[in-house]
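Right, one structure below, let's go through it.
The values are calculated or read from the model by the stated rules, or taken from the named source; none is laboratory data. All values derive from a computational prediction rather than experimental measurement. Here the Cβ positions follow ideal geometry from the backbone for every residue, glycine too, while neighbour counts run over all protein chains shown. Please note that ligands, DNA and RNA were not included when accessible areas were found on the heavy atoms of the full protein model with its side chains. Shrake-Rupley method; radii C 1.70, N 1.55, O 1.52, S 1.80 Å.
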Amino acid sequence: MASPGPIAEHVATMPLIDHHVHGCWIDSVDRTRFENALNEANTEPVSADDAPFDTQIGFALRRWCAPILGLPVHAPADVYWARRAESAEVDIAHRFLRAAGVSDWVVDTGLPGVADVDLLARWSGSAAHEVLRLESIAEDAVTRGGSYADAFDEILAERARDAVGAKSIIAYRGGFDGDLTDPEPAQVEDAARRWREVGGTRLTDRTLLRFGLHRGLRLGKPLQLHVGLGDRDADLHRTNPLLLLDFLRTSGTTPVMLLHCYPFEREAGYLAQAFSNVYVDVGLAVNHLGARAPELIARSLELAPFRKVLYSSDAYGPAELHYLGAQLWRHGLAKVLQRFVDSDAWALDDALRVAELIGSGNARRVYGLTGDVRLTASAR
Amino acid sequence: MASPGPIAEHVATMPLIDHHVHGCWIDSVDRTRFENALNEANTEPVSADDAPFDTQIGFALRRWCAPILGLPVHAPADVYWARRAESAEVDIAHRFLRAAGVSDWVVDTGLPGVADVDLLARWSGSAAHEVLRLESIAEDAVTRGGSYADAFDEILAERARDAVGAKSIIAYRGGFDGDLTDPEPAQVEDAARRWREVGGTRLTDRTLLRFGLHRGLRLGKPLQLHVGLGDRDADLHRTNPLLLLDFLRTSGTTPVMLLHCYPFEREAGYLAQAFSNVYVDVGLAVNHLGARAPELIARSLELAPFRKVLYSSDAYGPAELHYLGAQLWRHGLAKVLQRFVDSDAWALDDALRVAELIGSGNARRVYGLTGDVRLTASAR
Amino acid sequence: MASPGPIAEHVATMPLIDHHVHGCWIDSVDRTRFENALNEANTEPVSADDAPFDTQIGFALRRWCAPILGLPVHAPADVYWARRAESAEVDIAHRFLRAAGVSDWVVDTGLPGVADVDLLARWSGSAAHEVLRLESIAEDAVTRGGSYADAFDEILAERARDAVGAKSIIAYRGGFDGDLTDPEPAQVEDAARRWREVGGTRLTDRTLLRFGLHRGLRLGKPLQLHVGLGDRDADLHRTNPLLLLDFLRTSGTTPVMLLHCYPFEREAGYLAQAFSNVYVDVGLAVNHLGARAPELIARSLELAPFRKVLYSSDAYGPAELHYLGAQLWRHGLAKVLQRFVDSDAWALDDALRVAELIGSGNARRVYGLTGDVRLTASAR
């Protein structure tokens, strides 16, 4: 391979803000669980034909993560697994989290069984910030007596104090098509009463989902929305971000962060141009596309203004993914920007500046994070 | 950079027909208005984060337009603006329009505040032809007494005499989903009566939109349809050209020109293969994609037969866009075709012939333009 | 051109399994019919502007097929046609079928006027296997007296004995949106009675289409579904495979083979990750995209696990297409994989292994074909 060029060199070492991520595993897992964690969409145990190591993410893991465990690049799956199984999960997490070169993790704490914000900060030696799941707040609010709206507001106010943003997974609970307006107070209490009567566990009631979404909007902190790629419980075609048009037209000035977006990343870019408060990323999909990530990153740089694009990994579970997201993004972005510069379509200075904006500047500004970079390990 | 190769050399200088364009500004504007003109989708004043100079179109403008104003390529935004502000709009228009190397402008006169067909021809030193907006004819017809259909037909017949085509923006007035059949005469007069009663200004009535669409079809001249990318007033997902299938199945032989099409350019290409009277372009989006335009142009060369693809800029306002559309398209097309030839998938002669067809031959044939090229400035 | 590299060399000669194909012509055709066969989507005679030789598939035919007829690459259309017209169809078929390097044809026998399974095997010197059209079985069942379901089951059981799979074209008979559940027995007999009363020819009744689909599923052999690209009789947007989500959620373990998929190949790849029994190909579109086929093949290698992707040509009519599909796929795949290896994203051994899986291994395993390769001509 030729020398990577000035963009690759710069992008390889600049600290990133991972603006949408979950915790990593705390305890060791078996190989089956590890392989299942490489499949995002399938909610059942995967079959022999799904072979998670024979996928783009599987090949990418062997390429990028093997050296962090002291193995050669492209180490075979069995070799990789054997080496990984020798270490405690905390050691694995230490290695990959620190190698990611991430200065700030913006953590969605809505998924169970993984490191929390504090542990992620400690293990990585970086800053970590919380994003609240609005649906989790709803599921707590319904357990209280009295007014549901009051309970929701109380919990939200309390938890939001230290949070940098909120998140809705309404994409998973019916999708974006249909009414997304703020419901009337009486409708909210009615819906809450019905939900309580059936035992109020997992929130699927549309009225209460809409209520939570608008409470998140009113909070004024960046509001993350799951869009596109996810597991098969969601109807992927109902998570097309264009179905958010009516909602966005009345969403005011609260930043709305469209997450993942695959395969609707061009539609999401359109929305980022159309609405001053809309931002996009292509996290999660970067990890799953592996060798194809550069083309996805390139497509995310079409209509979206460059101050509206952010980096995220959406890693969850194996700490490899916290690192892999960063590596694939660094290499993919550098390749795309270098092509722009090589064809003289962009100036080099502009390319470096845009890389900084997407890598950390935009997230720092939108989430109001301090510039205090606490990287304890050198980024690779 | 290496030598551009024979395709780039040919494509760089061949005269183009810009088959869908608007007028350029007549009077000077301030910087805010200029920057807003670089954002297609946002209908409100753009914010700091939208930074129109920090977008693909902004970078492309600095790359391609700066030299026309005597500045180095990639001149900074402030430098560019300062230089531009030194000249009268007529001088700017002169430079960019003539540098575009366009022999014929096919002008949609439905947008206000810009040069009309005659002025565009005079300033550019090229031919200019009119395309009628069917919705504008409707908005005139409703102000007359008597039969709405008769008034519409009368105005259409009169204005169509010198026009080379008609255009509908039904995409912006409800989109393509739902009934697109020709309404009954009684329904038309009923709808017109209701529209008159409420003061008949902006046409949004579905019946009258359908009526106008079919009158346009019956006219027999190329019927342009706005498709895909546009401002956020349209529901982008309702402008998917596949929603036109039923309409196209009964559209006869009138050429139907699908404009812009992003992000549905592959769907549009399918329709161009499926229907003998369907043509496509990816105008507007080429300007907004800047360094990513080659990939868009490549996608427009999948299913569409090569005699069904046309060039347009869809420029409106800054004369830079009339030039930029041409430059980005010339460079993008040349890059794509050179790749085809370099991999021996296409013969060089075929590539040059297809470039001519898309650049001017198809438009000349379909719109019935004469071959009388009146270029007064050398194309660059 | 540089040396093609080790992947191209390997992929150029490995035997393929074409897991979805139709027969080739038996008798000579005139030029009009030949050119119409190069247009998939248009169901009417094509116009001058459709010029099938001025398309990606037309250019690809001249590039790849001309040498098989002893002409130089890129021979002009007239020269190509003149040479082709000199030979009997059987001789043309012999040449192209054998040059394709296909060890096994998996043949959908639902289209008329072409070679059947036995003839295709004889002319090609390769193995050929049948796939049953469920709609054809329905159209036979309705002609019998008594219970429609019993008649259907009887015919299916009889014909399925020697078949390796079943296929549904419900995409063409209403599309995927709406109810796709298994209907009640009484509903089936009611629908069959109504169909018999109107003279039972072409099946369009939704209830009976659903019935056939579920009978196909219950058969347990791979169930092929037409998805995406096809002729304009289908509503392309109603063939988006995401509309199959509810059906797939209850489809059990029968392999479901999503065919063609263009322009929804990324959505299809998602489903292949989400469901252990879903497989994808991008056949038909590879031929029609010609020089753009590599990008399509690359997009098919995003989310789909590599053991879930298959090769097909979907050739029908001109034997050129049986060969062209293979050539374009071999060259496109090799180019894509070589890029992955050149950027060190993939190891060379992995690339070769994945090529084998997609080229034949996956089809052999899923359809249960023997490994007995009967290639009588060297693959090119």
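Do we have any residue at all in segment A:130-144 that's among the small types (Gly, Ala, Ser), open to solvent by 50 Å² or more (accessible area, probe 1.4 Å) and at negative phi?
First, the residues of segment A:130-144 that are among the small types (Gly, Ala, Ser): A:136, A:138, A:141.
Pick out the ones that are also open to solvent by 50 Å² or more (accessible area, probe 1.4 Å) and you get none.
No: segment A:130-144 contains no residue that is among the small types (Gly, Ala, Ser), open to solvent by 50 Å² or more (accessible area, probe 1.4 Å) and at negative phi.
If you check residue B:326 against the conditions, is it touching a strand residue (DSSP E or B) at 6+ places or on another chain (Cβ under 8 Å), more than 10 Å from every other protein chain (Cβ to nearest Cβ) and farther than 16 Å from residue B:56 by Cα?
In short, no.
Checking the condition aromatic (Phe, Trp, Tyr), in contact with a helix residue (DSSP H, G or I) (Cβ under 8 Å, 6 or more places away or on another chain) and open to solvent by 10 Å² or more (accessible area, probe 1.4 Å), which residue from A:264, A:211, A:275 passes?
A:264
Out of (1) surrounded by fewer than 16 Cβ atoms within 10 Å (Cβ to Cβ); (2) free of Cβ contacts under 8 Å to residues at least 60 places away in the same chain; (3) within 23 Å of the chain's Cα centre (by Cα), what's the single condition that is false for residue A:9?
Here residue A:9 meets the rest and fails (3).
What's the number of the only condition in (1) assigned to a helix (DSSP H, G or I); (2) more than 8 Å from chain C (Cβ to nearest Cβ) that residue B:315 fails to meet?
The one condition residue B:315 does not meet is (1).
Does segment A:275-294 include one or more residues that are closer than 22 Å to residue B:235 by Cβ and polar (S, T, N, Q)?
Step one: of segment A:275-294, the residues closer than 22 Å to residue B:235 by Cβ are A:275-280.
Adding the requirement that they be polar (S, T, N, Q) leaves A:276-277.
The answer is yes; a qualifying residue exists.
Return only the number of the condition from (1) surrounded by fewer than 22 Cβ atoms within 10 Å (Cβ to Cβ); (2) more than 8 Å from chain C (Cβ to nearest Cβ); (3) of a type in the set (D, E, K, R) that residue B:320 does not satisfy.
Checking residue B:320 against (1) surrounded by fewer than 22 Cβ atoms within 10 Å (Cβ to Cβ); (2) more than 8 Å from chain C (Cβ to nearest Cβ); (3) of a type in the set (D, E, K, R), the one that fails is (1).
I'm told residue A:254 meets every condition in (1) surrounded by fewer than 24 Cβ atoms within 10 Å (Cβ to Cβ); (2) more than 20 Å from residue A:108 (Cβ to Cβ); (3) among the polar types (S, T, N, Q) except one. Can you identify the failing condition by its number?
Residue A:254 satisfies every listed condition except (2).
Scan segment B:337-356 for residues that are without any contact (Cβ under 8 Å) to a residue 60 or more places away in the chain, open to solvent by 20 Å² or more (accessible area, probe 1.4 Å) and closer than 16 Å to residue B:308 by Cα and jot them down.
Within segment B:337-356, B:353 is the sole residue that qualifies.
Being outside any loop (DSSP other than H, G, I, E, B) and facing chain B (nearest Cβ under 10 Å): is that true of residue A:307 here?
For residue A:307, the condition - outside any loop (DSSP other than H, G, I, E, B) and facing chain B (nearest Cβ under 10 Å) - is met.
Could you check segment A:56-72 and list, in sequence order, the residues that are part of a loop (DSSP other than H, G, I, E, B) and open to solvent by less than 10 Å² (accessible area, probe 1.4 Å)?
Correct list: A:65 only.
Which count do you get for residues in segment C:77-110 that are open to solvent by 10 Å² or more (accessible area, probe 1.4 Å), among the polar types (S, T, N, Q) and at pLDDT 95 or above?
Count: 1.
What are the pairs with Cβ atoms under 6 angstrom where one residue, in segment B:286-297, is more than 8 Å from chain A (Cβ to nearest Cβ) and more than 11 Å from residue B:325 (Cβ to Cβ) and the other, located anywhere, is open to solvent by 10 Å² or more (accessible area, probe 1.4 Å) and of a type in the set (D, E, K, R)? Sequence gap at least six, or different chains.
B:294/B:335
Among the residues of segment B:13-54, which ones are surrounded by fewer than 16 Cβ atoms within 10 Å (Cβ to Cβ) and either at the interface with another protein chain (Cβ under 9 Å from one of its Cβ atoms) or part of a helix (DSSP H, G or I) (or both)?
B:13, B:31, B:32, B:33, B:43, B:44, B:45, B:47, B:48
If the Cβ limit is 8 Å and pairs must be 6+ apart or interchain, which residue in segment B:119-145 that is closer than 30 Å to residue B:16 by Cβ and aromatic (Phe, Trp, Tyr) pairs with which residue that is open to solvent by less than 40 Å² (accessible area, probe 1.4 Å) and in a helix (DSSP H, G or I)?
Close Cβ pairs (under 8 Å, with a partner that is open to solvent by less than 40 Å² (accessible area, probe 1.4 Å) and in a helix (DSSP H, G or I)) amount to B:123/B:93; B:123/B:97.
Counting only residues that are touching a helix residue (DSSP H, G or I) at 6+ places or on another chain (Cβ under 6 Å) and either under 26 Å from residue A:20 (Cα atoms) or among the hydroxyl-bearing types (Ser, Thr, Tyr) (or both), how many does segment A:175-208 have?
Here the count works out to 9.
Taking the conditions exactly as written (in contact with a Pro (Cβ under 7 Å, 6 or more places away or on another chain), open to solvent by less than 10 Å² (accessible area, probe 1.4 Å), more than 29 Å from residue B:132 (Cβ to Cβ) and in a helix (DSSP H, G or I)), does residue B:332 satisfy them or not?
On the way: in contact with a Pro (Cβ under 7 Å, 6 or more places away or on another chain): yes; open to solvent by less than 10 Å² (accessible area, probe 1.4 Å): yes; more than 29 Å from residue B:132 (Cβ to Cβ): yes; in a helix (DSSP H, G or I): yes.
So residue B:332 fits the description; yes.
For segment A:220-242, indicate whether the set of residues that are away from every other protein chain (no Cβ under 14 Å), out of contact with any helix residue (DSSP H, G or I) (no Cβ under 6 Å at 6 or more places or on another chain) and open to solvent by 10 Å² or more (accessible area, probe 1.4 Å) is non-empty. So that I can check it myself, show each step before the final result.
Restricting attention to segment A:220-242, the residues satisfying the condition of being away from every other protein chain (no Cβ under 14 Å) are A:220-221, A:223-226.
Right, trim to out of contact with any helix residue (DSSP H, G or I) (no Cβ under 6 Å at 6 or more places or on another chain) and you get A:220-221, A:224-225.
Still in the list and also open to solvent by 10 Å² or more (accessible area, probe 1.4 Å): A:220-221.
The answer is yes, given that some residue of segment A:220-242 is away from every other protein chain (no Cβ under 14 Å), out of contact with any helix residue (DSSP H, G or I) (no Cβ under 6 Å at 6 or more places or on another chain) and open to solvent by 10 Å² or more (accessible area, probe 1.4 Å).
Which of the helices (runs of 4 or more DSSP H) contained wholly in segment B:188-288 include at least 1 residues that are under 30 Å from residue B:52 (Cα atoms) and of a type in the set (A, V, I, L, M, F, W, C)? Let's see the steps before the verdict.
Details: elements: B:206-219, B:245-249, B:265-274.
Here the list reads B:265-274.
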